[in-house]
Each structure stands twice: as C-alpha cells, then as structure tokens.
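Asks: First the structure, which I've put down as structure tokens, then a few questions once you've had a look.
The values are calculated or read from the model by the stated rules, or taken from the named source; none is laboratory data. Being a predicted model, the structure only gives us computed values, none of them experimental. Methodologically, a virtual Cβ is constructed for each residue, glycine included, from the backbone with ideal geometry; neighbour enumeration extends over all protein chains shown.
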Amino acid sequence: MAGRFDLPEPDAFTRTYWEAAAEGRLLIRRCRACGRAHHYPREFCPHCWSEDVTWEPASGRATLYTWSVVHRNDLPPFAERTPYVAAVVDLAEGPRMMTEVVGMGSAEELSAGAELEVAFREGIPVFRVVPGAAGG
C-alpha cells in the first residue's frame with residue numbers, strides 16, 4: 001500500500017504469519033531439531049541453524065522487557081499516533097519481539113516485567129497491559 005510504512009508486504013514465506021495475524025492469531029516458529037522457539041519468522045533456526053522449523057500458535061502472553069515513548073515520527077501514519085510506545089517484549093514461549101504497547105492512559109503506567117497480552121491493529125500484533133496483573 002503506497003504511503004503506508006506500518007503495514008507489511010508479505011512474501012511467500014511470511015504470508016502464513018501475516019494471514020494468521022489478520023485473523024487475530026499470533027504465530028511463532030519452533031525448531032524441531034533443538035526445540036527452541038524464535039521470532040521473527042525465518043526459514044531456519046537462529047540457534048542451531050536447522051531448517052526443520054514449523055509454525056505454531058503462540059499464547060499471546062508476554063512480559064515487557066524495555067520500551068521507549070516516541071514523541072516524533074514524520075512517516076505516515078505514525079505522526080498521527082504520537083506519542084506511542086515502541087517496545088520489546090518477551091513472549092511466553094521465549095523469543096523477544098519488537099512491537100507497540102497500546103491501550104493505556106499514560107506510558108508512566110508501564111514497568112519492566114509488566115504482563116501483556118496480544119491485540120491486533122490492522123493485522124499487526126501489538127500488546128496491551130493485562131488489567132490488574134502484577135507488574136502492570
């Protein structure tokens with residue numbers, strides 16, 4: 001989509017991931033050789049280099065590792081969203097994922113280790129703080 005910098009351009013390999021996300025499902029890759037999960041989707045395991053990897057549903061649960069509040073971004077449609085919270089989360093399955101934290105009144109509500117759950121905006125996985133969760 002011309003002029004949009006926040007929507008993916010799926011290719012033959014990532015199409016499965018983005019189609020699932022459009023349906024509100026988060027997928028990760030798991031290596032059948034070493035058993036470790038990884039994200040972002042790729043055709044080989046970044047831990048043992050095996051190509052014996054498969055898709056699996058993720059729980060959608062994560063903890064907040066780190067974040068930054070973005071106050072300025074001139075690319076559409078980010079300018080209209082500022083300030084927003086760019087974050088790195090630890091998925092319950094193990095991998096780290098870059099994302100955005102949404103749905104809170106203020107970024108001051110965030111703390112490292114906050115419990116998060118996946119949500120989807122236009123087929124893109126984002127995360128929100130689990131209401132009443134410890135660390136949130």
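Asks: Quick one: in the range 88-136, which of the residues that are at pLDDT 95 or above and of a type in the set (Asp, Glu) is farthest from residue 34 (Cα to Cα)?
Replies: Among those residues, the one meeting the criterion is 100.
Asks: Among all residue pairs at least 6 apart or on different chains, which show Cβ distances below 6 Å where the first residue, located in the range 26-55, is of a type in the set (Phe, Trp, Tyr) and the second is in a loop (DSSP other than H, G, I, E, B) and surrounded by fewer than 13 Cβ atoms within 10 Å (Cβ to Cβ)?
Replies: 44/51
Asks: I'd like to know if the range 18-39 contains one or more residues that are of a type in the set (Phe, Trp, Tyr) and part of a strand (DSSP E or B).
Replies: no
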